Amino acid sequence: MTKQPLFLNLLKIRLPITAKASITHRIAAVGVFFLIFPFMGAVLIAVSSPDGFSYIQELGNSIFVKTLLNLFIAGLTYHYIAGLRHLIMDFGFWETFKAGSLSAYGTFLVSGSLIIYFSTLIW
């Protein structure tokens, strides 16, 4: 009979960078999924009439909407870059732990740089 652990502190577990990249890829997907609906609604309002376009244009100047847009673009950017990493791994490249770790660091570096660039365009 195996003895089950009595206490498991998830905050003390040290995950490798590859696991962190995979988890953040999934979190970004959930964030993009929930944030796409308000922005799709905004696009529908904006294309419905000139008054709707003006309304969305004024709404886009608020800090709250810019923050949501920044989160949406950041999640979309990271999810896209991490998805390319996973696609390359599906073709048989970067399958060793060292190569996977380097590609995870590269994913964070490239997506972080793009997120900073896109954030400066939004603000």
*How large is ³J(HN,Hα), in whole Hz, for each residue of segment 12-20 in order, when computed from phi with the Karplus curve 6.51 cos²θ - 1.76 cosθ + 1.60 and θ = phi - 60°, using x for Gly and Pro?*
9, 6, 9, 8, x, 4, 5, 5, 5
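In debye, nearest 20, what is the charge dipole magnitude of the chain about its Cα centre with +1 on Lys and Arg Cβ and -1 on Asp and Glu Cβ, if you could check?
720 debye
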*What's the percent breakdown of Cα-Cα distances in segment 18-122 across 5 Å bins, shortest bin first?*
2, 12, 18, 19, 15, 11, 9, 6, 4, 2, 1, 0
*Per residue of segment 114-123, in order, report the coupling 6.51 cos²θ - 1.76 cosθ + 1.60 (Karplus, θ = phi - 60°) as ³J(HN,Hα) in whole Hz, putting x for Gly and Pro.*
5, 5, 4, 4, 5, 5, 5, 5, 6, 8
*Say the dipole of the chain comes from +1 at the beta carbon of Lys and Arg and -1 at that of Asp and Glu; which of F53, S101, H25 then lies farthest toward its positive end?*
S101
_If the reach is capped at under 19 angstrom between alpha carbons, list the lysines near K66, excluding any in the same chain fewer than eight residues apart._
none
*Could you name the lysines in cross-link range of K20, using Cα to Cα under 17 Å and dropping any fewer than eight places away on the same chain?*
K12, K98
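Read-outs: derived from the displayed coordinates by stated rules, not from any lab. Please read all numbers here as calculations on a predicted model, not as lab measurements. We place every Cβ from the backbone using ideal geometry, glycine too, and count neighbours over all the protein chains shown.
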